[in-house]
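Reading through the structure tokens given below for one structure.
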Amino acid sequence: MEKVLILVIDGCAPEYFTEKTAPHIFRLAKKTGFAKRILCAVPSVTNVNHACILSGKWPEETGVVGNYFYNLETGREGFIEERGYMKAPTILQRCKEAGGKTALLTVKGKILGVYGDGADIGISAQTPDRGQLEQYGLDMPPAIQSGESTQWIIKAAYQCIKIADPDMVYCTTNDYIFHHYAPGHKEAVAQIAAIDEYVEKICTLDPGRQIYITADHGMNQKSTIVNFQSIAERAGFAVYCLPPLKDRYVENHIYQEGGMLYVFLKDKSQAAAFFDFAKNHHHVEQVLPKEEAAEIYHLPAGRIGDYVLFSGKDSAFGEVEGECITTDASRTHGSLHERDIPLVALNPAASEEKYLYNKDIVARLSL
């Protein structure tokens with residue numbers, strides 16, 4: 001069985017991860033693989049793309065369409081943080097069933113909660129286990145909303161490979177730094193430098209291991225935050241606007257602001273009028289009926305409301321007072337403009353042209 005490491009740098013737009021900021025990784029890529037830009041799945045949010053990367057499938061098969069759910073019939077809503085939402089088998093499950101040893105390492109505890117099935121070793125910076133810390137020679141993790149949490153989890157991946165040598169390792173960071181600092185800022189540079197250091201160590205330790213470094217989504221600065229729920233209600237529409245980005249990590253996006261909305265119509269007779277209203281609204285870049293959105297972006301039509309709204313590159317939908325605010329303090333994702341992400345592959349399973357989306361990493365594995 002081929003040994004694999006998949007490293008997902010949460011929120012890493014390509015501008016963060018370059019030959020200048022990660023010289024060791026890019027040097028290795030020239031020798032044993034490649035570096036390129038690819039696309040993430042839509043919406044460009046964490047849960048959706050981890051499901052795609054882990055399974056090699058689109059959301060229409062994984063069933064995961066966001067970090068948050070809403071049921072129009074029951075009114076039930078909540079955060080997606082535990083098992084039961086993922087409908088497609090993951091590479092961890094497949095590897096374990098084939099007799100391999102697996103590991104899932106994450107800063108955010110919800111990743112282990114949602115996708116932990118099939119992980120022989122599960123390490124979370126948010127919910128550390130003292131026995132594991134001793135076993136792998138790790139200190140207590142720092143606050144998850146810090147740059148140090150990324151350094152801690154990538155060191156944990158190195159220690160895990162060194163001590164336990166799992167066949168399949170899936171490791172992911174937190175996007176706190178990228179939510180707060182643009183490419184080139186010393187905090188962002190330091191985060192990538194830590195990854196560069198430990199990936200080089202892992203390559204030295206296990207030079208034959210397949211290593212894939214990518215992101216779940218990108219990141220952009222936003223100057224306008226729009227409360228479309230309020231806008232629609234004031235225009236007389238009975239709707240529920242669900243932001244698929246919404247999660248508990250409010251330090252990353254204090255207004256739960258993201259670039260996409262699922263709009264559920266409580267009054268179906270308003271469908272045509274709402275579509276025209278959204279289509280002509282200056283804060284909406286694009287509106288699609290659920291069937292069209294599902295076809296274009298491989299989404300399950302029954303779980304994305306009646307309409308899907310996209311914001312522009314410099315704006316986002318959020319939970320703000322009134323209809324909108326202007327700000328210089330928001331960096332976020334979720335729209336079509338945060339789909340561009342990096343991919344560096346060392347000892348890859350397939351040739352460079354076979355990788356167009358982050359889901360293709362697992363889709364191309366021979367397991």
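The values are calculated or read from the model by the stated rules, or taken from the named source; none is laboratory data. Being a predicted model, the structure only gives us computed values, none of them experimental. No Cβ is skipped: glycine too gets one built from the backbone with ideal geometry, and neighbour counts run over all protein chains shown.
Figures for the structure shown
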| quantity | calculated |
| --- | --- |
| Residue match in segment 345-367 (condition: out of contact with any helix residue (DSSP H, G or I) (no Cβ under 8 Å at 6 or more places or on another chain) and modelled with pLDDT under 95) | yes |
| Residues being in contact with a Lys or Arg (Cβ under 8 Å, 6 or more places away or on another chain) and part of a helix (DSSP H, G or I) - total across segment 174-193 | 3 |
| Every residue from segment 320-338 that is surrounded by fewer than 23 Cβ atoms within 10 Å (Cβ to Cβ) and under 28 Å from Phe34 (Cα atoms) | Leu336, His337 |
| Cβ-Cβ under 8 Å pairs, at least 6 apart or on other chains, segment 346-367 side part of a helix (DSSP H, G or I), far side among the basic types (Lys, Arg) and modelled with pLDDT of 95 or more | Glu352/Lys36; Lys354/Arg364; Asp360/Lys354; Ala363/Lys57 |
| One residue from Glu77, Glu73, Glu81 being under 20 Å from the mean Cα position of the chain (by Cα) and surrounded by fewer than 19 Cβ atoms within 10 Å (Cβ to Cβ) | Glu81 |
| Considering residues of segment 248-262 that are touching a Phe, Trp or Tyr at 6+ places or on another chain (Cβ under 7 Å) and surrounded by fewer than 24 Cβ atoms within 10 Å (Cβ to Cβ) only, the residue modelled with the lowest pLDDT | Glu251 |
| Residue in segment 95-137 that is modelled with the lowest pLDDT, counting only those that are surrounded by fewer than 22 Cβ atoms within 10 Å (Cβ to Cβ) and of a type in the set (Val, Ile, Thr) | Thr127 |
| Selected residue (only one of Val226, Val239 is within 23 Å of the chain's Cα centre (by Cα), crowded, with 19+ Cβ neighbours inside 10 Å and not assigned by TED's automatic domain parsing to the domain that holds Glu97) | Val226 |
| Hey, Glu321 acidic (Asp, Glu) and either in the same structural domain as Lys57 (by TED's automatic domain parsing) or part of a helix (DSSP H, G or I) (or both) or not | no |
| Search result, residues across segment 107-125 that are more than 19 Å from Pro89 (Cβ to Cβ) and touching a helix residue (DSSP H, G or I) at 6+ places or on another chain (Cβ under 6 Å) | Val107, Ile123, Ser124, Ala125 |
| Filter result for the condition that a residue is modelled with pLDDT of 95 or more, assigned to a helix (DSSP H, G or I) and within 21 Å of Asp10 (Cα to Cα), over Val48, Val64, Val42 | Val48 |
| Looking only at segment 296-319, and only at residues there that are among the hydrophobic types (A, V, I, L, M, F, W, C) and surrounded by fewer than 18 Cβ atoms within 10 Å (Cβ to Cβ), the one that is farthest from Ala41 (Cα to Cα) | Ala301 |
| Selection within segment 306-322 - farther than 20 Å from His333 by Cα and touching a strand residue (DSSP E or B) at 6+ places or on another chain (Cβ under 9 Å) | Asp306 |
| Residues that are out of contact with any strand residue (DSSP E or B) (no Cβ under 6 Å at 6 or more places or on another chain), assigned to a loop (DSSP other than H, G, I, E, B), at negative phi and not small (Gly, Ala, Ser), drawn from segment 146-173 | Asp167, Thr173 |
| In segment 84-94, the residues that are polar (S, T, N, Q) and surrounded by fewer than 22 Cβ atoms within 10 Å (Cβ to Cβ) | Gln93 |
| Selection within segment 89-121 - of a type outside the set (Val, Ile, Thr), within 17 Å of the chain's Cα centre (by Cα) and under 13 Å from Thr62 (Cβ atoms) | Tyr115 |
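For every residue, the table says whether it meets (1) farther than 26 Å from Lys36 by Cβ; (2) in contact with a helix residue (DSSP H, G or I) (Cβ under 8 Å, 6 or more places away or on another chain); (3) of a type outside the set (S, T, N, Q).
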{"site": "Val169", "(1), (2), (3)": "no, yes, yes"}
{"site": "His185", "(1), (2), (3)": "no, no, yes"}
{"site": "Asp216", "(1), (2), (3)": "no, yes, yes"}
{"site": "Ile231", "(1), (2), (3)": "yes, no, yes"}
